[in-house]
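S.K.: Take this structure first; my questions come after.
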Amino acid sequence: MTYFMYDVQGNAVDEPDTDTVRKLVQEALASTDTENPDVSLTHESGWSLSAYAGGLLLWENVEDEETAPGSLDQVTEPEVLRLFTLLADGEVAQIEALGWQRAA
């Protein structure tokens with residue numbers, strides 16, 4: 001399965017290994033950069049997770065405008081890494097099953 005990440009500078013990284021994912025997530029969660037405040041992982045299915053410093057996590061399908069994005073707040077670094085790994089593996093249903101807060 002194909003996936004890619006954007007780092008906090010907006011650079012794309014194709015199919016990063018586990019260590020690279022960890023490094024990129026740690027950089028994002030520690031970042032104080034307001035221009036590029038997140039790191040994201042997007043799966044070939046269109047599903048994407050974006051993690052922000054402070055623990056905000058956004059879940060959306062970038063190819064389906066009808067599906068409302070969801071968010072979780074105060075997500076710990078280990079949980080972000082776990083969810084990014086699930087998405088890289090294509091385990092969309094497991095991620096979708098979490099208690100995402102959806103905009104009305």
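The values are calculated or read from the model by the stated rules, or taken from the named source; none is laboratory data. Values in this document were obtained by computation on a predicted structure and should not be read as measured data. Positions of Cβ are generated from backbone atoms using ideal geometry, with glycine treated the same way; all protein chains shown enter the neighbour counts.
So that you can scan it fast, the table gives a plain yes or no per residue for (1) closer than 22 Å to I95 by Cα; (2) in a helix (DSSP H, G or I):
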site: M5; (1), (2): yes, no
site: Q9; (1), (2): no, no
site: T20; (1), (2): yes, yes
site: T32; (1), (2): no, no
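S.K.: Between residues in the stretch 19-40 that are under 15 Å from L83 (Cα atoms) and of a type in the set (K, R) and residues that are surrounded by 14 or more Cβ atoms within 10 Å (Cβ to Cβ) and at pLDDT 90 or above, which pairs lie under 8 Å by C-beta distance while being six or more apart or on different chains?
M.R.: Pairs found: R22/L81.
S.K.: Also, quick follow-up: Can you give me the ranges of the strands (runs of 3 or more DSSP E) entirely in the stretch 39-104 with at least 3 residues that are closer than 17 Å to V25 by Cβ? Spell out the reasoning first.
M.R.: Details: elements: 47-52, 57-61, 70-72.
Of the strands (runs of 3 or more DSSP E) lying wholly inside the stretch 39-104, those with at least 3 residues that are closer than 17 Å to V25 by Cβ span 47-52, 57-61.
S.K.: Hey, another quick one. Quick check on this structure: which one of E63, E96, E77 is surrounded by fewer than 20 Cβ atoms within 10 Å (Cβ to Cβ), touching a Gly at 6+ places or on another chain (Cβ under 7 Å) and modelled with pLDDT of 90 or more? Write out each step before concluding.
M.R.: Working: E96 fails: touching a Gly at 6+ places or on another chain (Cβ under 7 Å); E77 fails: touching a Gly at 6+ places or on another chain (Cβ under 7 Å).
None of the other options fit; the residue is E63.
S.K.: Also, quick follow-up: I'm trying to understand the selection: among the residues of the stretch 1-18, which are without any contact (Cβ under 8 Å) to a residue 24 or more places away in the chain and among the hydrophobic types (A, V, I, L, M, F, W, C)?
M.R.: A12, V13
S.K.: Shifting gears a bit: Here are L86, L72: which of them is surrounded by 14 or more Cβ atoms within 10 Å (Cβ to Cβ), under 16 Å from W100 (Cβ atoms) and out of contact with any strand residue (DSSP E or B) (no Cβ under 8 Å at 6 or more places or on another chain)?
M.R.: Values: L72 fails: out of contact with any strand residue (DSSP E or B) (no Cβ under 8 Å at 6 or more places or on another chain).
The match here is L86.
S.K.: Quick one: A88 ticks every box in (1) under 15 Å from M5 (Cβ atoms); (2) touching a residue at least 40 places away in the same chain (Cβ under 8 Å); (3) more than 11 Å from the chain's Cα centre (by Cα) except a single one, so which number is it?
M.R.: (3)
S.K.: Still on this structure: Out of the residues in the stretch 35-51 meeting the condition of being surrounded by 20 or more Cβ atoms within 10 Å (Cβ to Cβ) and touching a helix residue (DSSP H, G or I) at 6+ places or on another chain (Cβ under 7 Å), tell me which one is nearest to Y3 (Cα to Cα).
M.R.: H43
S.K.: Of the numbered conditions (1) touching a Lys or Arg at 6+ places or on another chain (Cβ under 8 Å); (2) under 13 Å from D7 (Cβ atoms); (3) not hydrophobic (A, V, I, L, M, F, W, C), E27 fails exactly one; give the number of that condition.
M.R.: If we test E27 against (1) touching a Lys or Arg at 6+ places or on another chain (Cβ under 8 Å); (2) under 13 Å from D7 (Cβ atoms); (3) not hydrophobic (A, V, I, L, M, F, W, C), just (1) comes out false.
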